Amino acid sequence: MTMKKMVWINLLAILLFANLGYAQEAKTLTLADIYKNGEFGQKGFGPVRWMKDNKGYSTLEESTNLAGKDIVKYDAKTGKRAIVVSASDLIPKGSEKPLVIKDYKWSDDNTKLLVFTNTRKVWRYHTRGDYWVLNLATKKLSQLGKSLPEATLMFAKFSPDGSRVGYVSDLNIYVEEVSSNSITQITKDGGGDI
């Protein structure tokens, strides 16, 4: 390689990197962008849930119709995509916006969906919040623990038949009938260190 070519290559490299550096200087880096606005956060995938039929998985994806997320199922063999729960199915009565899904779980028969939203941190993790159940056949969306303080429910799980949900609120255990929203308090001595 001749000396003249080396000079031109080096000059082009310097100009290229100088322009990249200038483009990056155009915006001021702030703590709010890093920690509050999530501007530099990674684009997540999931949470992913394997379907009970063992033929595919579901995950969250941005809705094309609303400012929310759809739950989408992918067939593991073919890669075929289908929206299982649209963001519009997750709009509570009296609201205009869909629930912001922090986590979700399927019932054993995949006919009901348990949605964790409105979360609060307990130490380092978001483990307190509100839970909603969506019946996929009827599209009925109902909030669990309506009579309990907001964002105090923790560790909700479907019963094996999907008819009830157990959860913790203020360190006591509750069971709620999904169809009637009838709540049974199992323990009454929770509090302090218990």
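The values are calculated or read from the model by the stated rules, or taken from the named source; none is laboratory data. Just so you know, these numbers come straight off a predicted model, no measurement behind them. Glycine also receives a Cβ, built like all others from the backbone with ideal geometry; neighbour counts cover every protein chain displayed. The accessibility values were calculated without ligands, DNA or RNA, using every heavy atom of the protein model including side chains. Shrake-Rupley method; radii C 1.70, N 1.55, O 1.52, S 1.80 Å.
What to note about this one:
- Seen from residue 85, the other residues with C-beta closer than 10 Å to its C-beta sum to a net charge of +1, counting Lys and Arg as +1 and Asp and Glu as -1.
- Gaussian network model of the chain, Cα within-10 Å springs - most flexible of 37, 65, 135: 37
- For region 84-180, applying the loop criterion from DSSP together with a ceiling of 14 other beta carbons within 10 Å to the GluC sites (Glu not before Pro) yields 96, 150.
- Accessible area expressed per residue, the chain, with surrounding protein chains retained (probe 1.4 Å, Å²): 69 Å²
- This model, with +1 at the C-beta of Lys and Arg and -1 at the C-beta of Asp and Glu, gives region 102-168 a dipole about its Cα centre of some 240 debye.
- Pairs over the 18 Å Cα-Cα cut-off, from the set 112/140; 73/121; 69/139; 102/157; 112/139; 112/157: 73/121.
- Of the chymotrypsin sites (Phe, Trp or Tyr not before Pro) found in region 123-194, the ones in coil according to DSSP and having at most 15 other Cβ atoms within 10 Å of their Cβ are 123.
- Solvent-accessible area assigned to carbon and sulfur over the chain amounts to 58 percent, based on a 1.4 Å probe.
- In Hz, Karplus ³J(HN,Hα) per residue of region 91-97 (6.51, -1.76, 1.60; θ = phi - 60°; x = Gly, Pro): 9, x, 4, x, 10, 10, 10
- Among 69, 80, 102, the largest mean-square fluctuation in a Gaussian network model of the chain (Cα springs under 10 Å) belongs to 80.
- The chain: angle of helix 3-25 to the longest principal axis, Cα-based, in degrees nearest 10: 40 degrees
- Within the same chain, aspartates and glutamates fewer than 8 places from residue 77 are excluded, and of the rest, those with a Cα less than 14 Å from its Cα are 53.
- Taking θ as phi - 60° and the Karplus parameters 6.51, -1.76 and 1.60, the scalar couplings of region 107-114 work out to 6, 4, 9, 6, 9, 10, 10, 9 Hz in sequence order, x denoting glycine and proline.
- Placing +1 on each Lys and Arg Cβ and -1 on each Asp and Glu Cβ, with no other charges, gives the chain a dipole about its Cα centre of roughly 620 debye.
- In the chain, taking the dipole from charged Cβ atoms about the Cα centre, the farthest positive-side position among 67, 175, 118 is held by 67.
- Under the criterion of Cα pairs below 8 Å and six or more residues apart, the relative contact order for the chain equals 9 percent.
- Candidates 152, 117, 28: whichever shows maximal mean-square fluctuation once the chain is modelled as a Gaussian network with Cα springs under 10 Å: 28
- The 3J(HN,Hα) values that the Karplus relation (6.51, -1.76, 1.60; θ = phi - 60°) gives for region 52-61 are, in residue order, 5, 7, 6, 10, x, 9, 10, 7, 8, 9 Hz. Gly and Pro appear as x.
- Amide hydrogen neighbours beyond the local backbone of residue 164, cut-off 5 Å, H modeled: 159, 178
- Per-residue [θ]222 nm for the chain (sum of -39500 (n - 2.57) over DSSP H runs n ≥ 4, rounded to 500): -4000 deg cm²/dmol
- Partners of residue 52 within straight-line reach, counting aspartates and glutamates whose Cα lies under 12 Å from its Cα and excluding those fewer than 8 residues away in the same chain: 108, 109.
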